[in-house]
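Can you read through this structure? Questions will come right after.
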Amino acid sequence: MPKHDILMAYAKGAEFDPAAYFGESYGPLISAAQDSGKEPVIRFLNSINGIELVGAAAVQPFADTAPTSGNYSTLVFSKQLSPAVIDEMATTFDLPGLRLVAHPADGNLSITLTGADGAAVAYLQWPSKKPGAIIFQNVRSYLIAAASILAIFLIAVLFTGHTAATNLYRLADRARFKATHDALSGLLNRAGLLESLETALDQRASSARVMTLYLVDLDGFKDVNDAWGHAVGDELVKLVADRLRIFESDDAFVARMGGDEFAIGRLGVVHGKTIQHEILALFETPYLIGGRTIEVGASIGMARAPGEQIESLELVRRADMALYRAKEEGRGKAVEYTEQLDAQRRDIAALEEKLRQAIASGEIRPAFQPLIDARSGAIKGVEALARWNLQTGRVSPEIFIPIAEKSGLIDQLGMLILSTAIDEAQQWPAITLSVNVSPMQLRNPNFAAEVIALLHAKRFEPARLTLEITEGTLISNPDQVKRSINSLRTVGVRFALDDFGTGYASIGALREFGFDRLKVDRSLIVALNEENDGADVLKATISLARALHIPVTAEGVETPQQAETLRQSGCDLLQGYFLGRPMAADDVTALLLVPTTIETRRFEVK
């Protein structure tokens, strides 16, 4: 119908004019329906009453071969989008707040309603509502219950966590205390001392006060352990710690470095040597332990922090050097660190290096002092004495032998002297050879085997060799010393106890170790010239040795009167400057070729 003639039209049961009702948009709708063939056309059109949903379709014959377009009658239906219809749609599709609007507002969801010409005539708009919000409304009561349970759980967790954290803090404090305190005395340990020193040194840097460190080492503590056992030694450590606690204050602390060594750190003004005297005074009163009265002294090394910055370890090192010097000077001494101690240490280190090189090059050689028969004056043996001659002069054995012992070179030095002395003594088959042995050599488990191997390699008769040891050797590790002595005695090596009469060797020790000879110390010989009982003491000492059937050698003989007295007292061998000074091997050879008596011996060995 090109003219769009209306066959019939009804609205709510009454006839009406669609063209007038829908206006200009009606004609294009009908044309679109005619052109679409069998497919209906659905549009939203403005009407007199408002926006309406309009559907139009061409009425065609029911045949598959019918044309899809042409002049057919058109059936039109419409539905007004009234508020009631919009509400019904909102309820049906669960879209609360659905409205029909001319223009959509920002933040809302909307659908465009297109007219016959494809342009928008209105919009269906509703509030944006996320799926989570809908779900939340459905499960809100459950969430509230779950949140309550979670809150209770969190409170329990927080309470448990707080309790656990408190316990961890306590455990951490306890662990830190153990790490910085000595378990036996309860004082600071070495780590705690260094930590306290660091803090005190920082405080000193911001003030004019002086940081002073005292290291206190007990004198005679080892004797207590040896005599009464470590349990008594531990109790003594506790008692000493209790006495030293009087120095603890806000500016002072006390620590146990380990063993029998303690430390006192003090930040403040130093008044002379008051503190040292106070420390030493603490040890004037004996200690009572298990009914025993125990006396120990103390040696003190002190170091002050100078004006410049100093590390805690350096301060400890300086105090330790001062303590070492105090121990060398004797018991009950207090020594303060000075730069001279470092200079001396450097000198000793340099001398140690020279000693190492001298041993390697064989620069240290033996000199030989004759051992003279007290009656005939004949040479019965020689004692090999280590001598170290430099271009600048001779280094005393009293200097380099202690250095060798402290530096671990004594084994090499001892074997060097022994080997060289054996080589020289090969030309004197009629006399014996005596060589001094350091206590540290006898404590070496390999010493006996090394000596036996040396004697075998050089084909030297073991019975001609006498090793001289001091009384201190018997006290230091006696079991190992006895094993070494017994091993060497098995092959024929003899042993002499040197410096007898100045130490603590008992009759039981003399019998136990079975010495082949005793050498009376020169201090007893010197006493012969004094107006006292020196002669009686010397005679008693020699009588003791003779009663044990041990031959006696007197060393340090410097006058003919001493030689005569010693001969009459029972000494069979004499040694000293009166009879012969230490000499080179060639001089010994020459001396053996000249028959002599004890009266003329002194003139021939000047």
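The values are calculated or read from the model by the stated rules, or taken from the named source; none is laboratory data. Note that the structure is predicted; figures quoted are calculated from it, not measured. Virtual Cβ from ideal backbone geometry, glycine too; neighbours counted across all protein chains shown. The accessibility values were calculated without ligands, DNA or RNA, using every heavy atom of the protein model including side chains. Shrake-Rupley method; radii C 1.70, N 1.55, O 1.52, S 1.80 Å.
Restricting to bridges with both residues inside the chain, how much of the DSSP beta-bridge set is antiparallel, in percent to the nearest 5?
70 percent
Please give the length that would be gained between S249 and V491 if that part of the chain were fully extended, namely 0.36 nm times their separation in residues minus their C-alpha to C-alpha distance (nm, one decimal).
This chain segment gains 80.7 nm when fully extended.
Treating only the Cβ atoms of Lys and Arg (+1) and Asp and Glu (-1) as charged, compute the dipole magnitude of region 356-487 about its Cα centre; round to the nearest 20 debye.
Here region 356-487 has a charge dipole of around 100 debye.
For the residue pair V537 and D586, what label-to-label distance in nm results when each label sits 7 Å from Cα along the Cα-to-beta-carbon direction?
Distance between label points: 4.3 nm.
For region 170-251, what class follows from the C-alpha gyration tensor (a ≥ b ≥ c being the square roots of its eigenvalues): rounded when a/c is under 1.5, otherwise prolate if a/b is larger than b/c, else oblate?
oblate
Could you work out how much longer the chain between K178 and D226 gets when fully extended? Use 0.36 nm per residue separation minus the Cα distance between them, nm to one decimal.
14.4 nm
Hey, rough spin-label estimate for I86 and Q427, points 7 angstrom out along Cα→Cβ, what's it come to in nanometres?
13.8 nm
Right, next: Report the FRET efficiency, 1/(1 + (r/R0)^6), for E558 and A191, where r is their Cβ-Cβ distance and R0 is 45 Å, rounded to 0.05.
The value I calculate is 0.20.
Given a Förster radius of 25 Å and the C-beta distance between D242 and R331 as r, what FRET efficiency does 1/(1 + (r/R0)^6) yield to the nearest 0.05?
For D242 and R331, the calculated efficiency is 0.70.
Do any of K327/K354; K178/K406; K406/K539 go past 32 Å between their Cα atoms, and which?
Long pairs (Cα-Cα over 32 Å): K178/K406; K406/K539.
Can you give the FRET efficiency to the nearest 0.05 for I42 and A151, using r as the Cβ-Cβ distance and R₀ = 56 Å?
0.50
If you don't mind, there's one more thing I want to ask. Between Y10 and D106, 0.36 nm times their residue separation minus their Cα-Cα distance comes to what?
30.6 nm is the gain from fully extending Y10 to D106.
Taking the chain as the reference, fit the longest principal axis to its C-alpha atoms, fit the long axis of helix 478-490 to the helix C-alpha atoms, and give the angle between the two in degrees, 0 to 90, nearest 10.
Orientation of helix 478-490: about 50 degrees from the principal axis.
Give me Rg/Rg_expected for region 336-487, where Rg uses Cα atoms only and Rg_expected = 2.2 N^0.38 Å with N residues.
1.15
Could you work out the relative contact order of the chain, using alpha carbon pairs under 8 angstrom and six or more residues apart, expressed as a whole percent?
7 percent
Can you pull the one-decimal nm distance between simple spin-label points at Q568 and I348, each 7 Å off the Cα toward Cβ?
4.7 nm
Here's another thing I want to ask about it. Give me the 1.4 Å probe accessible area per residue for the chain, excluding ligands and nucleic acids, in Å².
In whole numbers, the chain has 55 Å² accessible per residue.
Considering only protein heavy atoms and a probe of 1.4 Å, how much of the accessible area of the chain is carbon and sulfur, as a whole percent?
With neighbouring chains kept in place, the figure for the chain is 55 percent.
Give me the Kirkwood hydrodynamic radius of region 535-593, using the inverse of the mean 1/r over all pairs of distinct Cα atoms, in Å to one decimal.
Every distinct Cα pair counted, the radius reaches 12.6 Å.
Just check region 285-403 against the gyration tensor rule for me: Cα atoms, a ≥ b ≥ c as the square roots of the eigenvalues, rounded for a/c under 1.5, and otherwise prolate or oblate depending on whether a/b exceeds b/c.
oblate
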